[in-house]
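The values are calculated or read from the model by the stated rules, or taken from the named source; none is laboratory data. Everything quoted here is computed from the prediction, not taken from an experiment. We place every Cβ from the backbone using ideal geometry, glycine too, and count neighbours over all the protein chains shown. These accessible areas exclude ligands, DNA and RNA; they are computed on the full protein's heavy atoms, side chains included. Shrake-Rupley method; radii C 1.70, N 1.55, O 1.52, S 1.80 Å.
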Amino acid sequence: MQRETMRFSVLTEKGHAEVRERKLPQIGSNQVLVKQLVCNICTTDYGQWLGLREHQGYPMAGGHEGCGVIEALGPDVKDFAVGDFVAVAYDGCGECEPCRRGDVLHCTGMSGGQRSEDGYLGNFGFADYCVRNTRSLIKMNQNLNPGEAAFLEPLATVVKGLKKLQVKPMETVAVIGAGTMGLLNALAARANGCRVIVSELMEKKLKTAEDMGFETINAGESDPVEAVKKMTGGTGADAVIVAVGITAANEQALAMVKETDGRILFFAAGYPAPELKIDSNILHYRRLELFGTFAADSIDFFTAGEMLSSGAVDVSKLVEPETFTLDQVQEAFQCAAAPGMYRVSIKLND
C-alpha cells in the first residue's frame, strides 16, 4: 500500500519556517516515490528566510539540494529500481521548447504554473517523502554520504558555468570567494586540470581552501590583484570566477584577469545588486570575455553526478558536521544563515 501523507517544511513569511502535512499524490506512470534522506540548505533558501529574496514568493515549500532512496515505482518506470540511491535534478514538462533543449529550469509547459495544486511554491525538498518524475532524478553512488550526494544541483550549476567559461587544462583560474559555491567552482576547475588560486577574507574559509590543497590569498592582509599578478609572473589569471556577489569582487576580477583574451565568469548573485563598471572600449581593446551563468541544463546534472559518484570532486569539507531534523527546521535556517557556514543538512529520514 502506498504511503498516504508527507511531512514538509514551508516558509510562510520572513524568518518563519514550519512543518506541515499534505496528502501524497498518486504515483504516475513514469514517477517514483522517494524516501528523502537529506536536503541541504542553499543560499537561496536561507536568503528568503532572512527576507533578502522576497521575490521568490510564499508559501515556499523549498529545498532543491536533496537525495533519497526509491521506495515505489510507477507502472511504466524502466530505468530505476526500488532501492536506487538518487539525487534530485530540475523537472519540467519535458515537451516545451526549453525542456527539449535541456533548459528545464525555464520550462513553459508545466500545467498550473509554478504552484502545486494546493498552492505551494517550491520543490518540496525539505520533505520526508515525495513523488517525483524519473526525468528529475540522477542515480548516485550508494557509498556516497547523503549530505554530499545532495550537492548534485549546485555542482551542476558549476558545470554549466565552467562550460561557458571554456576552462582548459593548465590554465590558471582565480576564484574570488571561498564560500560553498566558490570552493565548488575551485574543485571542479581543478578536476578539469586547472591551476586554481582562491582569494578570501574569512579565516575559516581560507583554512578550508588550504585544507583542500588550493593556493590561497588572504584578502584581508594583501591586495588580491597584486597577489594574483605575483603568483602568475605578472601575467594575471587566464580566467576569474566571481563567487561573491559584491561590487568590490567585480572590480578585482577586471583587474586580476590577464591583459588580453582574459575571461570572467560572474557566478554569484548579490542582494542588494552589485555594480559592474567598465566601458566597452576596455572590452574591445583587451578582447575581454564576460560571462553570466545561472542554473544548469539537463546534461550538466549527469556530469555532476559522475563527478560526485567517482570522487573526482570531493565535497566532504563543504558539509557542516551538525545536522538537523525536519522538526528543527527553524534552528537549521538560523545555523545556515550564520556567517561563514558551509552547507547545513536537514536529515529527513534514517
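Summary table below
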{"quantity": "Single residue of V158, V86 found to be open to solvent by less than 50 Å² (accessible area, probe 1.4 Å), closer than 30 Å to R190 by Cβ and without any contact (Cβ under 8 Å) to a residue 60 or more places away in the chain", "calculated": "V86"}
{"quantity": "Which listed residue is farther than 23 Å from V38 by Cα, open to solvent by less than 30 Å² (accessible area, probe 1.4 Å) and not in a strand (DSSP E or B), from A269, A249", "calculated": "A249"}
{"quantity": "Some residue of the range 262-273 being within 16 Å of the chain's Cα centre (by Cα), among the charged types (D, E, K, R), closer than 29 Å to A219 by Cα and modelled with pLDDT of 95 or more", "calculated": "no"}
{"quantity": "Condition met for L144 (at pLDDT 95 or above, buried (at least 16 other Cβ atoms within 10 Å of the Cβ) and in a loop (DSSP other than H, G, I, E, B))", "calculated": "yes"}
{"quantity": "Exclusive hit being part of a loop (DSSP other than H, G, I, E, B) and surrounded by 18 or more Cβ atoms within 10 Å (Cβ to Cβ), set V344, V329, V240, V313", "calculated": "V313"}
{"quantity": "Evaluation of E320 against (1) acidic (D, E); (2) open to solvent by 60 Å² or more (accessible area, probe 1.4 Å); (3) outside any helix (DSSP H, G or I); (4) closer than 25 Å to V158 by Cα (one fails), failing number", "calculated": "(2)"}
{"quantity": "Some residue of the range 163-170 being on the phi < 0 side of the Ramachandran plot, of a type in the set (A, V, I, L, M), surrounded by 23 or more Cβ atoms within 10 Å (Cβ to Cβ) and in a helix (DSSP H, G or I)", "calculated": "yes"}
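To keep it simple, each residue is scored yes or no on (1) in a loop (DSSP other than H, G, I, E, B); (2) over 24 Å from M110 (Cα atoms).
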| residue | (1), (2) |
| --- | --- |
| V38 | no, yes |
| Y46 | no, yes |
| Y58 | yes, no |
| G62 | yes, no |
| E71 | no, yes |
| V77 | yes, no |
| A87 | no, no |
| D91 | yes, no |
